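Step one of this worksheet: look at the structure below.
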Amino acid sequence: MKRVLFLCTGNSARSQLAEALMRDMAGDDYLVMSAGTSPEGVDPRVYEVLAAEGVNSDNLSSISAESLSDEHFDVVITLCDKASNECELFTDSDALIHWDFKDPKAEEGCRAFFNTAEQLKAKIALFLLLNGEQQSDAIGPVELFKIMSDPLRLRILMLIEDEYALSVSDLTKVLEVSQPKVSRHLALLRDAGILQDHREGQWIYYHFPATLPVWITHVLATVRNGNSALINQEKIRLMQLKQRRKPQLDKIRGYSGLTEKYQMYLSEKELRK
């Protein structure tokens with residue numbers, strides 16, 4: 001069971017909402033706590049929002065971060081700048097993460113609390129999605145960004161992100177480079193564990209493996225969606241290819257892309273309520 005601590009200044013609103021929401025969303029996989037650098041007591045609006053969300057608010061209490069300084073947490077997530085600056089209390093934690101949230105207590109009523117709860121749910125859902133599987137040591141972020149720094153390899157990855165699977169012949173034609181050059185880059189991506197090949201008769205297709213870590217899937221999907229014109233010309237050439245043999249995608253199992261995985265994850269969490 002992983003231990004997670006949410007830390008903010010007063011431990012009265014943001015971190016209390018985060019604690020209750022993550023307990024609800026993570027189930028028994030995580031032990032979740034919250035604390036404050038200067039605890040003030042739980043704001044009554046926290047209970048109102050959690051009740052409306054159908055989230056259990058039992059056992060919430062405002063405690064001092066200093067009282068937990070002897071405990072080990074796998075992840076410490078700070079929710080304000082002041083708390084982030086006092087993370088030295090938990091330097092033995094495996095991960096220190098900062099999510100900057102505006103304090104909802106400054107506004108009257110509950111609207112700001114509901115908005116904060118919605119934003120926290122999205123953050124927590126993505127955190128659980130990206131950390132909910134065994135992480136692969138085959139490639140880390142430094143190696144991934146080195147691979148993506150080559151323009152040709154980046155375009156190959158973006159094309160496969162769109163098309164799910166492409167043959168060497170398809171890539172050679174749409175990228176307008178020689179087959180040996182494309183094959184060298186595909187071999188590098190396959191050896192790094194980012195791509196996998198799949199044979200259908202005399203055709204070999206490349207696609208993302210089902211075991212691709214979700215954080216890499218997230219990076220690839222973000223780059224593609226955030227740079228929509230990056231492979232426009234290549235997409236046009238691909239559409240213009242005559243007698244193109246498309247792969248049988250039902251045989252390339254497991255990879256569904258981040259958006260589908262994320263929506264499925266959120267749906268499963270909703271069904272648990």
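The residues in region 181-217 that are over 16 Å from S169 (Cα atoms), out of contact with any helix residue (DSSP H, G or I) (no Cβ under 6 Å at 6 or more places or on another chain) and of a type in the set (S, T, Y) can be counted, and the count is 1. Restricting attention to region 49-81, the residues being assigned to a helix (DSSP H, G or I) and surrounded by 15 or more Cβ atoms within 10 Å (Cβ to Cβ) number 5.
Between L128, L189, the distinction of being touching a residue at least 40 places away in the same chain (Cβ under 8 Å), closer than 30 Å to A18 by Cα and in contact with a strand residue (DSSP E or B) (Cβ under 9 Å, 6 or more places away or on another chain) belongs to L128 only.
When W215 is tested against (1) out of contact with any strand residue (DSSP E or B) (no Cβ under 9 Å at 6 or more places or on another chain); (2) modelled with pLDDT of 90 or more, only condition (2) is not met. I'd like the residue in region 191-205 that is under 20 Å from the mean Cα position of the chain (by Cα) and on the phi < 0 side of the Ramachandran plot and, out of all such residues, is surrounded by the most Cβ atoms within 10 Å (Cβ to Cβ). Only one residue tops the list, namely I194. Considering region 31-41, the residues that are more than 30 Å from the chain's Cα centre (by Cα) and surrounded by fewer than 20 Cβ atoms within 10 Å (Cβ to Cβ) include one that is farthest from K105 (Cα to Cα), namely S38.
Here's the yes/no breakdown for (1) basic (K, R); (2) at pLDDT 95 or above; (3) closer than 24 Å to N115 by Cα:
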position: G10; (1), (2), (3): no, no, yes
position: A18; (1), (2), (3): no, yes, yes
position: V42; (1), (2), (3): no, yes, yes
position: Y47; (1), (2), (3): no, yes, yes
position: A51; (1), (2), (3): no, yes, yes
position: S69; (1), (2), (3): no, no, no
position: H72; (1), (2), (3): no, no, no
position: C80; (1), (2), (3): no, no, yes
position: E86; (1), (2), (3): no, no, no
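Applying the set (1) among the β-branched types (V, I, T); (2) closer than 17 Å to K123 by Cβ; (3) surrounded by fewer than 23 Cβ atoms within 10 Å (Cβ to Cβ) to T9 leaves exactly one unmet item: (2). May I ask you to verify whether K246 is at pLDDT below 90 and within 27 Å of the chain's Cα centre (by Cα)? Here the answer is no, as K246 does not meet what is asked.
Of the residues in region 167-184, at least one is touching a residue at least 60 places away in the same chain (Cβ under 8 Å), touching a Lys or Arg at 6+ places or on another chain (Cβ under 7 Å) and farther than 26 Å from A210 by Cβ.
Inside region 129-157, can you point out the residues that are modelled with pLDDT under 90 and open to solvent by less than 30 Å² (accessible area, probe 1.4 Å)? L129, I139, G140, listed by residue number.
Contact annotation: residue pairs with Cβ atoms under 6 Å, 6 or more positions apart or on different chains, pairing a residue in region 210-223 that is surrounded by fewer than 16 Cβ atoms within 10 Å (Cβ to Cβ) with a partner that is of a type in the set (G, A, S), are A210/G254. Within region 98-126, being open to solvent by 20 Å² or more (accessible area, probe 1.4 Å), part of a helix (DSSP H, G or I) and either small (G, A, S) or modelled with pLDDT under 90 (or both) holds for A106, A122, L126.
The values are calculated or read from the model by the stated rules, or taken from the named source; none is laboratory data. Not measured: the values here are computed from a predicted model. Positions of Cβ are generated from backbone atoms using ideal geometry, with glycine treated the same way; all protein chains shown enter the neighbour counts. All accessible areas refer to the heavy atoms of the entire protein, side chains included, with ligands and DNA or RNA removed. Shrake-Rupley method; radii C 1.70, N 1.55, O 1.52, S 1.80 Å.
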